[in-house]
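Working notes, structure below.
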Amino acid sequence: MTERARLSWGAEAGVLGGIAVAAIFFIGDAVHMAPLSTPTALGRTFFGPGGTQMSGAMPDGALAMAVFVGNLVAFSVLHLLTFAFLGMGAVVLFNTMRWPLTVATGAVYGLVVCSAVFYLSLTLGAGALMAGLPGPLAVGMANGVAGGLIGGGVQFMQADLGA
């Protein structure tokens with residue numbers, strides 16, 4: 001088993017974890033009758049209230065929709081890329097420390113590292129627009145699930161290939 005293969009497994013498992021986080025918050029938003037409010041609030045926090053700069057001969061409603069969709073897509077790509085790197089980071093950390101990467105240890109990694117990355121990224125983003133963001137309990141739980149999927153995904157891929 002090569003390190004490159006394990007990094008690839010980490011990236012794949014990280015994307016799976018990122019999808020799980022998005023699904024958790026999508027379901028939570030739907031239950032609260034505010035679909036897409038979490039990624040919208042996060043997109044505003046990272047990209048600013050105006051989002052991307054667009055101009056042209058579009059009607060105001062079409063421009064607003066284009067900006068909304070553009071910000072949603074941009075935030076989603078950023079979110080999944082971050083989780084791919086977090087998955088690779090888990091592989092590197094656990095290999096370096098010679099710790100087993102399992103569902104349980106991955107959940108701890110998600111709770112600690114993924115949550116820390118989330119809050120650090122908020123300080124690097126626009127930061128002033130904190131309204132509508134998920135609370136620490138929701139962030140910790142979702143990241144714990146994501147970390148468990150990262151650990152379990154890498155463990156499954158490793159066992160599947162007999163490595």
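Some points to look at:
- Top-ranked residue in segment 100-127 [being within 12 Å of residue 46 (Cβ to Cβ) and not aromatic (Phe, Trp, Tyr); ranked as modelled with the highest pLDDT]: 121
- Pairs linking a residue in segment 60-88 that is within 22 Å of residue 109 (Cα to Cα) and small (Gly, Ala, Ser) to a residue that is at pLDDT 85 or above and surrounded by 14 or more Cβ atoms within 10 Å (Cβ to Cβ), with Cβ atoms under 6 Å and 6 or more positions apart or on different chains, are 84/11; 84/14; 84/15; 87/10; 87/11; 87/13; 87/14; 87/150.
- Scanning segment 78-103 for residues that are among the hydroxyl-bearing types (Ser, Thr, Tyr) and under 9 Å from residue 14 (Cα atoms) yields a count of 1.
- One residue stands out among those in segment 1-50 that are at pLDDT below 85 and under 30 Å from residue 101 (Cβ atoms): the one that is surrounded by the fewest Cβ atoms within 10 Å (Cβ to Cβ), which is 2.
- All positions within segment 51-70 that are in a helix (DSSP H, G or I) and either within 26 Å of residue 25 (Cα to Cα) or modelled with pLDDT of 70 or more (or both): 61, 62, 63, 64, 65, 66, 67, 68, 69, 70
The values are calculated or read from the model by the stated rules, or taken from the named source; none is laboratory data. Computed from a prediction, not measured in an experiment: that's the story for all the values here. Note that we place each Cβ from the backbone using ideal geometry, even for glycine, and neighbour counts take in every protein chain shown.
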